[in-house]
Structure formats: C-alpha cells, structure tokens
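Before any comments, here is the structure.
The values are calculated or read from the model by the stated rules, or taken from the named source; none is laboratory data. In this text the structure is predicted, and so the values were computed from the model without any measurement. Glycine also receives a Cβ, built like all others from the backbone with ideal geometry; neighbour counts cover every protein chain displayed. Surface areas here come from the heavy atoms of the whole protein model, side chains and all, with no ligands, DNA or RNA. Shrake-Rupley method; radii C 1.70, N 1.55, O 1.52, S 1.80 Å.
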Amino acid sequence: MSEIRVRFAPSPTGFLHIGGVRTALYNYLFAKKHNGKFILRIEDTDQARFVEGAEQYVEEVLKWCGLEPEESVEKGGDFAPYRQSERKEIYQKYITEILKTEYAYLAFDTPEELEKLRAVAEEQGKVFSYNHEVRNSLNNSLRLSPQEVEEKICEGTPYAVRFKMPEQRILPLQDIIRGKFSIDTSGFDDKVLVKTDGMPTYHFANVVDDHTMKITHVIRGEEWLASLPLHVLLYEAFGWEVPQFAHLPLILKPEGKGKLSKRDGDKFGFPVFPLAWQNKQDGTSSIGYREESYLPQAFVNMLALLGWSPSDNKEILSLEEMIQEFDLEKVHKSGARFNPEKAKWFNHEYILAAEPTELLPFFQEVLKEKNIPIDEVKDLRIISLLKERVNFVKEIWDNGSFFWIRPLEYNEKSMKKAIKEDSKEVINQLITGFESLNFDEKTLHDYIHDFVEKNGSGFGKVMQPLRIALVGDLKGPDIPIIMEILGKDESLERLKILYSKI
Ligand code: GLU
C-alpha cells in the first residue's frame, strides 16, 4: 500500500477553535499510527475573509500541542507551496483541463442578473438555485453558441467556471465513520469552481491539492459532509483515484444541543480556543487554554476523547498511547458534548501525575508575571507541596503566594477564630523558643509538639496563631514545612509582626 498521507487544511478566515484542533489531532494520530505523513495546508483562497494573524496562530497552536506537521508552509516539502494563494499556476492547469470535459462550463451571468433571479424566486417563496433545471436557459456556455462564447471571452467579459452537476444520478458514497450511503445528485446546484477573478473556490482548490499532494485520507469536520458528492464527482471528472473520507462529529455545547461556539465560552467563562487571540481588524479577542494555565498534554488528551474512546475506555493517555490506540473506525458518529468541568479534571490529573520539574517552567512563567525572582530549589519544593491541591499551575501561586509575600493583613474571620486572650503570650514564647532552633522541618515539628504538650492548652491554641502569623489565614500546608521554606529570619519576623498587632 502506498504511504498514508493526511492533511489538516484550515482557512485563515478566523482563529482556530478547539474543533479545528481536534481535526488536526485526529489527522496527526492517524498518520503516526500508520507511519504516514501529516501535512499542514493553508486554504486561503477566500481573500475577502482573510484574518490577519490567523495562519501564524495555526502554526503556534500545533507547536504548543506537540502536533508538528512534516510538511507545511514553514517546513516546506516535496509538494510545496502549501499555501493555496501561491498555487494559482497549478489550479490554472487543472481549470483548463476540466473545461475540456463535460463536467464544467463557463458562466457569464453578471451579479445583477443573478440578483434578479434570486429576487424573482423569493417573490414566489422559493430559493434560487443555479441547477440542472435552469442552467440551459441562463447566460453560460451551455446555452450560448461556441462563437458567442468566443466573442465574450475576446471582449473580456468576466466569467465563472461552474460544475455541471449530473441530473438524476444516484451517487454511491463511502465514509470511514459513517459507512456507505448514496445520494441523488439532482438536489445539488452547479457550484462555482472558479470565481470571476480567476481564483478557484474552496471545492476546486481543495480537490486539486488533495490529489496533487497525494493525500490518501481526508479527515475533516462533519460540516464538510455536504460537499462530499461534489468532491467525489470532481475526482471522477479528472479521472483521479478518490481518497478515503472520514467526517468527524461536531463538538456540541455543554447542554448537548447545537455546535459549540465562542459565545458559549464567553457565557460560561471557559475557553473555546487553544490560545488567546486578538483580532486587530475588528477588535475582538478571546481567552485560550494556554493562558488559562492548561498543560498542553492535558488539553490534547481531553480533545482526543471528544468523539473517540480507546478500546478499554481508558481516559488518561499519553500522545504515544493515543497513537497506538487510535482507530478512525471507532470515532463516534454522533456529536461530542463538551464538558468544561471535565477539561479541568484532565488538567488536575496531569498535574497530579507530573514531576515537579515538568511543572517548573509553567510555574516560573507565573512567577515572572508577578516579578518574583526565580529560585529553582524553592520553586520545586513549593510545586511538590501544593500540586495536589490545584487544577491549574497558576493556582499554586494562589495557594502559596505567602511563601514570597509576607501577609500584610490577616483574614478577619480566621483571626477571630484563632486569636484568643493567651495568644500573645504563646507567640512570645514561640519566638524565644524558635530563636535557638535549627530550622529544619523535623526539629520544628518536634519542638512544636513538645511545646503543645508542655503548654497544655491544646493544639489549636498554638497552631492557629502560628499559622495566622505565617500565612495570614488558617490554610496552607504543614507549619514546620512552611517555616523551613521561609527560613528562620522571615518566620520570626512574621511572628513578631503578629505579636505587635494583637
Ligand atoms: N479549508 C477547510 C476548512 O477551513 C478545510 C476542509 C477540508 O478539510 O476539506 O475547514
């Protein structure tokens, strides 16, 4: 069998949302599983809807997710260029070729003529369709004589190239996920293949590219299923071998109905995009998984299971395991409901399982933002101490900022609970006792326990004021560890400050 080649083919008409990333991921997994190639092609024929930065965004997303293509605009490859706007000459060759067949014709209809036809249909409560019923009476090369056509071309009359959809043909189709089905082509219109400006439309460029780039499997979103008959017919028109198709289920809103959209994310406060972005043209922006402190591995794992499950229903899989297990035939037919809480769960599981050193770079990013100097040994200790309590790396800061910032105020409620009449004296005695101690966890632990026993007033009476002094609140990890990390000078300073305030 020839080498498996798949492509991810986004259009830079907007920023890639998580559905698009999942399409890239399934392409990647399938390619890797079969020792094939994963290709990134930029489908930018629709220049009017071009969004600045959207192409670079795709490259950055794939890098962040660890899904790097073998061939792309950036990497190059044997089938370059990988940006459709740079492939005009290739399309030109195939436009000439398809015009020699029965499958395509020139359409000279002006926008005004078409508008009129639409308006007339609307008046009759219908929708105008440029199809087999009307095409023979319109301003195109099917109706005009060869001389008339020649004249129009010589005069420079603009024309589009349209596909001549076969009338009443039952077309058998096949999809890896959906199986076999057939469709009556009469219901389709004669799609434009080449616009009046000479630019091919998505359908034409997409099929020409898939063929010339030797794509063996087209794995893409369900929204493209409606284009499948036209694409299969285009292969037929050229006499090319048809690749295999797999149309992936939609990612649905958390409620389960309708496609997940940016608005759902805004409404419920979860990201719908992998990375945060800002659209300079219209001022819109969005949050992203990366900026919300998700680990890329957790994000990718979560996405992989939106529409596919491995045979043993295992939920935590490394990219390598996903590659081994992935099977397009096991991708679900029905939509996958997005669950923002489950996304957090994945991140939590990854943080739990990760070595502190793996989390260090992410955490140091957070520290940098806070202008906190990096101290690898200290940072690693705090990560291992707090990682079990958090869903996100940035929450390590929320739970442990007192390690760097001395409490300036104390939580009022906790103060009321912790500070009793004799607290001042307890603090005073502790300060004296700690002064002569070695500040390691074990010594501190033993000293505090002896102190509680001798003092006879109960654990809480000693520990709670101590915790208030160190943390500013009644929370945080074990006190001896906190004190060891803070060190003697800082710990005593914090005790003295509380002493002076009560
Ligand atoms: N350019 C299309 C998109 O933006 C690609 C569809 C396909 O993969 O054929 O999704």
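Go ahead and collect, in residue order, the members of the stretch 288-319 whose backbone nitrogen is under 15 Å from a label point 7 Å along the Cα-Cβ direction of Ile372. Taking a point 7 Å out along Cα→Cβ of Ile372, no residue of the stretch 288-319 has its backbone N under 15 Å.
Couplings for the stretch 9-17, taken from phi via the Karplus curve 6.51 cos²θ - 1.76 cosθ + 1.60 with θ = phi - 60°, read 10, x, 9, x, 9, x, 7, 5, 8 Hz in order; Gly and Pro are left as x.
Amide H contacts of Leu171 (H built 1.01 Å from N, in plane; Pro and chain starts excluded): Ile183, Asp184, Thr185 sit under 5 Å, all sequence-distant by 5 or more or on other chains.
Per residue, the Cα convex hull of the stretch 110-242 amounts to 142 Å³. Using the beta-carbon distance between Lys116 and Gln92 and R0 = 41 Å, what value does 1/(1 + (r/R0)^6) give for FRET efficiency, to the nearest 0.05? Between Lys116 and Gln92 the formula returns 0.85. Inverting the pair-averaged 1/r between distinct Cα atoms of the chain gives 27.5 Å as its Kirkwood hydrodynamic radius. Each residue of the stretch 166-173 is assigned a 3J(HN,Hα), and the resulting list reads x, 8, 6, 10, 8, 9, x, 10 Hz, derived from the Karplus form 6.51 cos²θ - 1.76 cosθ + 1.60 (θ = phi - 60°), x at Gly and Pro.
Working out 0.36 nm times the residue gap between Thr212 and Ser309, then minus their Cα-Cα distance, what length gain in nm do you get to one decimal? All intermediate terms of the calculation are to be shown ahead of the outcome.
Working: separation 97, 0.36 × 97 = 34.92 nm, distance 3.30 nm.
Taking 0.36 nm per residue and subtracting the Cα distance, the gain is 31.6 nm.
If you average the sequence gap of Cα pairs under 8 Å that are 6 or more apart and divide by the length of the chain, what percent do you get for the contact order?
Details: 717 pairs, mean separation 59.6, N = 502.
Relative contact order for the chain comes out at 12 percent.
If you plug the beta carbon distance of Lys342 and Asn438 into 1/(1 + (r/R0)^6) with R0 = 51 Å, you get a FRET efficiency near 0.65. Sparsely packed loop sites in the stretch 53-110 (the trypsin sites (Lys or Arg not before Pro) outside DSSP H, G, I, E and B with at most 15 other Cβ atoms within 10 Å) comprise Lys75, Lys100. The H on the amide N of Ala104, modeled in the peptide plane, is under 5 Å from the matching H of Lys164, each at least 5 residues off or on a different chain. With all protein chains in place and ligands, DNA and RNA left out, the 1.4 Å accessible area ranks Met199, Met415 as Met415, Met199, largest first.
Pull up the DSSP beta bridges for the chain and report the antiparallel fraction as a percent, rounded to 5.
On the way: 19 of 34 bridges.
Antiparallel: roughly 55 percent of the beta bridges in the chain.
Modelled label positions at Phe451 and Ile170, each set 7 Å beyond Cα in the direction of Cβ, lie 8.8 nm from each other.
Ordered by solvent-accessible area of protein heavy atoms (1.4 Å probe), largest first, the residues Glu358, Glu490 come out as Glu358, Glu490.
Provide the FRET efficiency to the nearest 0.05 for the Ala80-Phe268 pair, computing r from the beta carbons and using R0 = 35 Å. Could you put the intermediate results ahead of the total?
Details: r = 42 Å, r/R0 = 1.20.
With a Förster radius of 35 Å, E is 0.25.
Computed per residue of the chain from DSSP H runs no shorter than four, each worth -39500 (n - 2.57), the mean residue ellipticity at 222 nm is -13500 deg cm²/dmol. Label-to-label distance, Ile183 versus Ser401, with points set 7 angstrom from Cα along the beta-carbon direction: 5.5 nm.
Taking each residue as 0.36 nm, the span from Ser2 to Ala48 lengthens on full extension beyond its C-alpha to C-alpha distance by 12.8 nm. Within the shell of other residues whose beta carbon sits under 11 angstrom from the beta carbon of Trp308, the net charge comes to -1, with Lys and Arg scored +1 and Asp and Glu -1. Heavy-atom accessible surface of Ile287, to the nearest 10 Å², is about 70 Å², with a 1.4 Å probe and all protein chains retained. Per residue, the convex hull spanned by the Cα atoms of the stretch 1-154 measures out at 194 cubic angstrom.
The largest-to-smallest principal axis extents of the Cα set in the stretch 1-91 are 39, 32, 18 Å. Modelled spin labels at Ile502 and Lys330, positioned 7 Å past Cα toward Cβ, are 5.8 nm from each other. In the assembled protein chains, Lys370 presents an accessible area of approximately 90 Å² (probe radius 1.4 Å).
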